[in-house]
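> Got a structure here, written out as structure tokens. Questions coming.
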Amino acid sequence: MKSRNKIILIAVIFIVGIFVINSVIPGILFRQQDNLGLILYTCTLGIDRMGPLMLITYNNGTHTIDENSCAWRNNTTSKSSTGEYQEINKMSCPELIERHTSGEPYANKENRIFAQEKISNCNFVDNWSEAQRKVEDWR
């Protein structure tokens, strides 16, 4: 009987903890003017915020962080997400691979995914071209 009560108590504490993490803390953070706290909270938990559609950023003067990239970017080299998208779209395969392996953060998740898709297309085209050469050599 006592172990059953302990299990129920642990379950109640667990459920209350989940409620606090998912509802109370974000509610408090959204009421504050502390954008850095909100960004670090959403990046740490890896959740996509379901609230205002406005992108939350924090600028400390030399670096900027936003909730999409979760990475600090130097203000002198930061680009708008659409400018970066256009830049990625114009890059050749070797330039894309060099940019992606450099570790420099992208302006947002969509640009990172777009670059990864373009790199996978480059790899597909390279593999297809190699396969075609082998077929031609075999003939």
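> Once fully extended, how much extra length lies between T101 and T57, figured as 0.36 nm per residue of separation less the alpha-carbon to alpha-carbon distance?
13.3 nm
> Compute the length gained on full extension between V12 and V24: take 0.36 nm times their separation in residues and subtract their Cα-Cα distance, giving the result in nm to one decimal.
Value of the extension gain: 2.7 nm.
> Given the peptides 99-106, 35-42, 13-20, arrange them by the average over their residues of other C-beta atoms within 10 Å, most packed first. Provide the component values of the computation, followed by the final result.
Working: 99-106: 13.6, 35-42: 17.1, 13-20: 10.5.
Per-residue mean Cβ counts within 10 Å order the peptides as 35-42, 99-106, 13-20.
> Right, next: Arrange the residues K6, K118, K90, K109 by how much accessible surface each exposes, largest first, with a 1.4 angstrom probe. Don't jump to the answer; show the numbers that get you there.
On the way: K6 140, K118 45, K90 165, K109 65 Å².
Largest accessible area first, the list is K90, K6, K109, K118.
> Moving on. Using a simple spin-label model with points 7 Å from Cα along the Cα→Cβ vector, what separation in nm is obtained for N89 and I47?
The modelled label-to-label distance comes out at 3.5 nm.
> Report, by chain and number, residues whose modeled amide H sits under 5 Å from the one on H63, excluding near sequence neighbours (fewer than 5 apart, same chain).
N75
The values are calculated or read from the model by the stated rules, or taken from the named source; none is laboratory data. Predicted model, so just to flag it, every value in this text is computed and none were measured. Cβ sites come from the backbone with ideal geometry, for glycine too, and all protein chains shown count toward neighbours. These accessible areas exclude ligands, DNA and RNA; they are computed on the full protein's heavy atoms, side chains included. Shrake-Rupley method; radii C 1.70, N 1.55, O 1.52, S 1.80 Å.
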